[in-house]
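**Q** For reference, the structure I am asking about is given below.
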Amino acid sequence: MLIKKAVDSGAREAAACKELGITQRTLQRWRSKPSPLEDQRKHAKRPVPINKLSVAERQAVIETVNKPKFKSLPPSQIVPRLADQGIYLASESTFYRVLKENNMQHHRGRAKSPCSKPISTHYATGPNQVWMWDITWLPGPARGIYFYLYLILDLFSRKIIAWEIWPEESSQNASILVRRAIMSEQRTLVNEPLVLHSDNGSPMKGASLLETLYQLGITPSRSRPRVSNDNPYAESVFRTCKYRPNYPVKGFASLTDARQWVLSFSRWYNQEHRHSGLNFLTPNQRHNGLSTQILEHRRQVYEAAKLRHPERWSGPIRDWSLEEIVWLNPERVIEPASKGECIEK
């Protein structure tokens, strides 16, 4: 009754149970119909484990980790050093447990403690609002020789905006690619904000590229460190590229051959490839604003087919629609549900 009253007043059930000295599992057992209504908690006094550290031994652990020569080291470094001196106080895991029980298990030393960086979230309601770019290796004429494919992709339409192949990675090449992309789309960035998203490679953070983005009014955006999934669409187009049936797995004979092959691929991808993420439109159709007309025509074709043979349809026709807002790494929104539960969307 006390817990119910506290929860109805806005308290969390776990906190209310903690104040009364019981667990939520105990509360669930009390509420269960097959269980008796009495407490049923065990009140037997259990003997102290024979391997438990004494008070003096625990104090020795605390004093040791606080010595000047150990105060900046974790237990994984302290225990072997003590062993070299012929001293054994406790195991490494026991050191960690004692530190945690005494609220001493925190970041040690002058280095900054690890921190999680927020995910880069962007959305587009039309073409040329958010671009994504990356670099991938293409096999060369011999083992260990590679060419580097630079590629910019539009978030809204998945169109390959621009690409180039060079024999090396550099921010200078990346800045040339960005300028070429702006020229190909004939964009004026005065009143048209643009975000360019990439990972954390050195060409993406080079001074030449950053200066170019500043001059063009483009906002740079980067993935979290060591999280490749933050740039998924760029990685996806590279996989599509390298798994084409005519992809030269054994390598390109020259830089010119590589450029000719990627030129053919980009034309196929933009003009012929029915993209599953676009409800099987081509990127050019989506980019040029033809998606509404084409999808409406498909809907009419299916409606007419259903009118001709309604017995062949057990439900509505296929959904030929597209989301008007396309997200890159959408944030997870936690919405409250009934009975104090939460649902992740």
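**Q** For segment 106-172, which fully contained strands (runs of 3 or more DSSP E) count at least 2 residues that are among the aliphatic types (A, V, I, L, M)?
**A** In segment 106-172, the matching strands (runs of 3 or more DSSP E) lie at 130-139, 146-154, 160-166.
**Q** Same structure, new question: In this structure, is LEU189 in the same structural domain as HIS273 (by TED's automatic domain parsing) and at pLDDT 90 or above?
**A** Judged against the criteria, LEU189 is not a match.
**Q** Quick one: in segment 47-83, which of the residues that are assigned to a loop (DSSP other than H, G, I, E, B) and of a type in the set (D, E, K, R) is nearest to THR94 (Cα to Cα)?
**A** In this case the residue turns out to be LYS52.
**Q** Report yes if ILE50 is out of contact with any Asp or Glu (no Cβ under 9 Å at 6 or more places or on another chain) and aliphatic (A, V, I, L, M), otherwise no.
**A** Against the criterion (out of contact with any Asp or Glu (no Cβ under 9 Å at 6 or more places or on another chain) and aliphatic (A, V, I, L, M)), ILE50 qualifies.
**Q** Scanning for something assigned by TED's automatic domain parsing to the domain that holds GLY201 and surrounded by fewer than 16 Cβ atoms within 10 Å (Cβ to Cβ), does segment 74-96 turn up at least one residue?
**A** Taking every residue of segment 74-96 in turn, none turns out to be assigned by TED's automatic domain parsing to the domain that holds GLY201 and surrounded by fewer than 16 Cβ atoms within 10 Å (Cβ to Cβ).
**Q** How many residues are surrounded by 15 or more Cβ atoms within 10 Å (Cβ to Cβ) and at positive phi when one looks only at segment 274-330?
**A** 2
**Q** Moving on to the next point. Please list, ordered by first then second residue, the pairs with beta carbon atoms under 8 Å, 6 or more apart or interchain, first in segment 14-27 and assigned by TED's automatic domain parsing to the domain that holds LEU2, second charged (D, E, K, R).
**A** Close Cβ pairs satisfying both conditions: ILE22/ARG41; GLN24/GLU13; THR26/ARG41; LEU27/GLU13.
**Q** Restricted to segment 53-73, and to residues that are surrounded by 10 or more Cβ atoms within 10 Å (Cβ to Cβ) and closer than 30 Å to ILE22 by Cβ, which residue is modelled with the lowest pLDDT?
**A** LEU53
Condition check ((1) within 30 Å of ILE161 (Cα to Cα); (2) over 36 Å from the mean Cα position of the chain (by Cα)) across all residues:
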{"position": "LYS69", "(1), (2)": "no, yes"}
{"position": "SER76", "(1), (2)": "no, no"}
{"position": "ILE87", "(1), (2)": "no, yes"}
{"position": "PHE95", "(1), (2)": "no, no"}
{"position": "MET104", "(1), (2)": "no, no"}
{"position": "CYS115", "(1), (2)": "no, no"}
{"position": "GLY126", "(1), (2)": "yes, no"}
{"position": "GLY140", "(1), (2)": "yes, no"}
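**Q** So in segment 215-262, with the set limited to residues that are surrounded by 12 or more Cβ atoms within 10 Å (Cβ to Cβ) and basic (Lys, Arg), which one is modelled with the lowest pLDDT?
**A** Filtering segment 215-262 for residues that are surrounded by 12 or more Cβ atoms within 10 Å (Cβ to Cβ) and basic (Lys, Arg), the one modelled with the lowest pLDDT comes out as ARG224.
**Q** Look through ILE161, ILE145 and report the one residue that is surrounded by 15 or more Cβ atoms within 10 Å (Cβ to Cβ) and of a type outside the set (Lys, Arg).
**A** Criteria check complete, one pass: ILE161.
The values are calculated or read from the model by the stated rules, or taken from the named source; none is laboratory data. Only a predicted model underlies this, so the values are computations on that prediction, with no experimental measurement involved. A quick note on method: Cβ atoms are made from the backbone with ideal geometry, for glycine too, and the neighbour counts reach across all protein chains shown.
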